[in-house]
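Below: one structure, written as structure tokens.
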Amino acid sequence: MSFPAYPEYKDSGVEWVGPIPSAWNARPLFSVADEIDEKNVGLIENNLLSLSYGSIIRKDIEGADGLLPASFETYQILEKYDVVWRLTDLQNDKRSLRTGLAGERGIITSAYLGTRPRSIDPIYFAYLLRAYDLTKVFYSMGGGLRQSMKFSDVKWLPILVPPQADQFAITKFLDRETAKIDAAVVAQERLIALLAEKRAATISHAVTKGLDPDAPMKDSGIEWVGQIPAQWGAGKLGYGARLQGGFAFASGDFQSEGIPVVKMNNLSRGSLKLHNAVRVDEAVAVEAFALAAGDIVWGMSGSIGATGSLGNFAVVEEGDLPCQLNQRVGRFYIRSRKVDPNFLKLWIQSDEFYRQVELAVTGTAQYNISSEQVEATAMCFPPLAEQRTIADAVLAKLSSHSKIVERAGEQITLLRERRAALISAAVTGKIDVRGEVEPEEQEAA
């Protein structure tokens with residue numbers, strides 16, 4: 001869909017904005033919004049709010065990271081339509097969305113900057129700041145990157161101020177169009193979640209029940225597995241494979257050149273991501289921890305869950321070599337007569353395996369598991385030929401799932417890019433959306 005431009009433009013005087021419609025103005029922030037300086041003294045408000053992914057959401061004040069009630073006296077009070085800016089950690093975090101519009105009264109940490117729009121439509125104002133945020137305007141303010149900024153640092157930030165009727169038209173248009181895009185994103189995310197559930201169910205059924213629905217069954221002796229095909233065996237995973245822990249390289253050995261070292265953050269749900277890997281000199285490399293193509297490497301520490309690092313895995317490919325195995329990452333050594341590598345790859349992704357891992361882990365903030373604990377977990381052992389048949393069939397099915405997930409992910413990226421571009425174009429006057437809003441919408445505004 002294409003939109004017309006405004007009939008006349010003028011120079012905005014703002015480098016990153018360029019020309020603006022002739023009826024628009026650029027004013028400093030302090031002329032259109034005030035800094036909020038109302039503290040929650042006396043705990044008069046207990047609706048705790050948080051800025052999360054560009055939205056201001058409610059949080060449970062009872063479970064707020066162990067903070068005492070008195071801590072909330074220093075929080076600032078927000079009213080509906082106030083706009084919050086998170087102008088902290090600017091040097092390290094260049095990805096987060098840093099502004100959000102309050103949808104209700106509440107309190108939020110005073111580490112954030114709260115502003116109250118005064119002579120500008122607050123929803124338009126929030127959309128404009130989102131456009132600035134997405135184009136990384138905040139990171140280059142004040143003659144160089146700062147770790148954090150206050151209101152005094154941004155008070156001269158140019159704010160584009162269209163006529164009031166234009167502001168209302170822009171907000172109505174963007175509310176409508178971004179809602180459509182958001183709904184499309186949600187639909188794609190649901191598809192990805194559904195495929196993830198189907199993937200997990202496909203793996204679990206295949207590695208515990210096989211492919212033949214009419215196969216005679218027997219009790220596996222494993223409570224959470226139940227019945228397995230009669231010709232299968234069940235025993236410790238170590239019966240079919242052992243897990244070698246990695247080498248504890250000294251931190252002083254790491255450098256930017258040399259042989260990549262596989263650490264926890266290089267595992268990516270099936271493949272290695274070595275573009276940011278630390279490296280060691282060839283003289284420091286240890287032959288016993290040199291990885292080979294086809295090796296299955298597995299994360300032995302970190303957080304748990306669907307996206308956790310503990311239990312994450314990768315398969316080494318020729319293009320990854322040479323590379324070394326670091327501590328807290330394990331490599332499975334296959335006993336070829338007992339287990340097929342592809343079947344093992346499926347097994348370590350199954351709920352039946354991961355449930356045992358969760359029961360065995362130790363630690364609090366960071367969970368750990370040993371090679372011995374992994375090898376002691378139970379595993380199903382179909383005959384070797386059947387393992388290969390199962391693995392081939394399941395991996396082919398998962399490959400088609402992965403292609404659908406990849407396409408859905410690409411669609412989400414395109415939708416979010418369109419959303420950002422639409423917001424930026426509308427709030428900077430690059431497109432004229434006044435004709436896209438029905439008169440009754442204008443009157444309702």
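The values are calculated or read from the model by the stated rules, or taken from the named source; none is laboratory data. Nothing here was measured: the structure is a model prediction, and the numbers come from that model. All Cβ positions, glycine included, derive from the backbone under ideal geometry; neighbour counts span all protein chains shown. Note: areas computed on protein heavy atoms with side chains; ligands, DNA, RNA excluded. Shrake-Rupley method; radii C 1.70, N 1.55, O 1.52, S 1.80 Å.
General remarks:
- Filtered by the rule that a residue be open to solvent by less than 40 Å² (accessible area, probe 1.4 Å) and over 16 Å from residue 313 (Cβ atoms), segment 241-257 gives a lone residue, 249.
- Residues that are within 19 Å of residue 247 (Cβ to Cβ) and open to solvent by less than 10 Å² (accessible area, probe 1.4 Å), drawn from segment 297-309: 297, 298, 299, 300, 301, 302
- Residue satisfying all of: in segment 357-368; of a type outside the set (Phe, Trp, Tyr) and within 25 Å of the chain's Cα centre (by Cα); least open to solvent (accessible area, probe 1.4 Å) among these: 357
- Verdict on residue 202 being modelled with pLDDT of 95 or more, more than 30 Å from residue 3 (Cα to Cα), in a helix (DSSP H, G or I) and in contact with a Gly (Cβ under 9 Å, 6 or more places away or on another chain): no
- Qualifying residue in segment 242-253 (condition: farther than 18 Å from residue 361 by Cα, without any contact (Cβ under 8 Å) to a residue 12 or more places away in the chain, out of contact with any Ser or Thr (no Cβ under 7 Å at 6 or more places or on another chain) and in a loop (DSSP other than H, G, I, E, B)): yes
- Elements of type strands (runs of 3 or more DSSP E) contained in segment 281-368, each with 1 or more residues being touching a Pro at 6+ places or on another chain (Cβ under 6 Å): 329-334
- From 102, 111, 126, residue being touching a residue at least 12 places away in the same chain (Cβ under 8 Å) and open to solvent by 40 Å² or more (accessible area, probe 1.4 Å): 111
Matching residues to (1) modelled with pLDDT of 90 or more; (2) polar (S, T, N, Q); (3) over 26 Å from the mean Cα position of the chain (by Cα); (4) buried (at least 18 other Cβ atoms within 10 Å of the Cβ):
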| site | (1), (2), (3), (4) |
| --- | --- |
| 348 | yes, no, no, yes |
| 355 | yes, no, no, no |
| 370 | yes, yes, yes, no |
| 382 | yes, no, yes, yes |
| 409 | yes, no, no, no |
| 427 | yes, no, yes, yes |
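- Each residue in segment 12-47 was checked for being in contact with a helix residue (DSSP H, G or I) (Cβ under 7 Å, 6 or more places away or on another chain), closer than 14 Å to residue 114 by Cβ and in a loop (DSSP other than H, G, I, E, B), and 1 of them qualify.
- Single match in 306, 288 (criterion: within 22 Å of the chain's Cα centre (by Cα) and either of a type in the set (Ser, Thr, Tyr) or farther than 20 Å from residue 379 by Cβ (or both)): 306
- Among the candidates 176, 105, residue that is closer than 22 Å to residue 72 by Cα and charged (D, E, K, R): 105
- In segment 193-216, the residues that are on the phi < 0 side of the Ramachandran plot reach residues that are of a type in the set (Phe, Trp, Tyr) with C-beta atoms within less than 6 angstrom, at least six apart or across chains, in these pairs: 207/347.
- Subset of segment 312-331 (residues that are open to solvent by 10 Å² or more (accessible area, probe 1.4 Å) and either without any contact (Cβ under 8 Å) to a residue 60 or more places away in the chain or over 21 Å from residue 279 (Cα atoms) (or both)): 312, 313, 315, 317, 318, 319, 321
- Residue, nearest to residue 406 (Cα to Cα), within segment 263-287, restricted to residues that are out of contact with any Asp or Glu (no Cβ under 8 Å at 6 or more places or on another chain) and surrounded by 16 or more Cβ atoms within 10 Å (Cβ to Cβ): 267
- Looking only at segment 216-234, and only at residues there that are part of a loop (DSSP other than H, G, I, E, B) and at pLDDT 95 or above, the one that is nearest to residue 344 (Cα to Cα): 232
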